[in-house]
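Nothing in this text is a laboratory measurement; each read-out follows from the coordinates by a stated rule. Just so it is clear, the structure is predicted and the values come from calculations on it, not from any experiment. Glycine gets a Cβ as well: all are built from the backbone with ideal geometry, and neighbour counts include every protein chain shown.
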Ligand code: PEP
């Protein structure tokens with residue numbers, strides 16, 4: 001298997017510039033020997049500081065969202081080119097909090113992903129079912145729908161630059177982690193979907209799929225030992241340098 005692990009922090013709406021300086025400065029020496037790719041996704045206001053501080057290190061910086069248009073009358077939004085100009089490399093797209101609170105749909109996720117790729121950003125595309133959907137036996141239906149829609153019109157060549165994050169909504173910020181087996185089996189559904197959309201070899205070798213949902217220093221090694229899990233998208237545990245570095249060194 002040739003998929004390199006990728007651990008990404010999602011700071012959500014946390015950290016001022018001063019706090020960013022403190023956290024990133026503490027993090028740099030703790031993760032400098034990491035064997036996986038290390039990414040921190042920060043609020044827009046912290047991006048320039050994070051990029052500046054991590055220059056020349058193994059930490060890459062990501063944003064938490066991006067708009068699909070190049071520019072225009074979209075008050076409050078940020079374009080892909082604006083992020084690229086800042087030195088940002090990754091961007092989270094379709095996080096469940098965006099879908100739940102800000103009207104993000106499968107279609108807007110797809111539009112944002114295409115715009116990000118066109119500008120040279122690497123999207124971390126989030127998919128995942130709610131508790132109701134899991135209890136109603138709709139996990140496969142939901143994940144196939146979300147994945148198929150997110151990748152509509154995206155060429156095979158782009159796969160190396162895309163990460164998928166499987167984030168069961170019921171596990172995000174709740175302290176309720178999916179068991180390693182459930183996470184692994186569910187990610188397999190996504191990988192099989194990618195095999196159908198592209199090709200089995202592409203899905204096996206070129207599609208990195210993270211797990212996200214209350215992943216932390218304690219459960220990271222068990223999750224990361226699973227065949228299908230290529231990394232983690234880390235919320236709460238990415239806000240303290242030591243906690244995040246322990247996940248990075250799973
Ligand atoms: C997330 O925000 O993507 C996430 C997984 O959060 P947490 O780790 O806090 O559950």
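Inverting the pair-averaged 1/r between distinct Cα atoms of region 110-250 gives 15.3 Å as its Kirkwood hydrodynamic radius.
Here the chain carries DSSP beta bridges of which approximately 0% are antiparallel, counting only pairs with both residues inside. The residue 202 and residue 70 beta-carbon pair, evaluated with R₀ = 41 Å, returns a calculated FRET efficiency of approximately 0.90. Springs between Cα atoms under 10 Å define the GNM used for the chain, and in it the highest mean-square fluctuation of 142, 163, 88 occurs at 142.
On a C-alpha basis, how far is the centre of region 164-233 from the centre of region 68-115 in Å? Whole number, if you could? Computed from Cα coordinates, the inter-centre distance equals 23 Å. Relative to the 2.2 N^0.38 Å rule of thumb, region 75-188 has a C-alpha radius of gyration ratio of 1.10.
Estimated from helical segments only, the mean residue ellipticity of the chain at 222 nm is -12500 deg cm²/dmol, where each DSSP H run of four or more residues counts as -39500 (n - 2.57).
Note on the chain: percent of Cα-Cα distances in each 10 Å bin, starting at 0 and stopping at the bin with the largest distance, equals 8, 34, 39, 18, 1. The mean of 1/r over all pairs of different alpha-carbon atoms in region 160-243, once inverted, gives a Kirkwood hydrodynamic radius of 13.1 Å.
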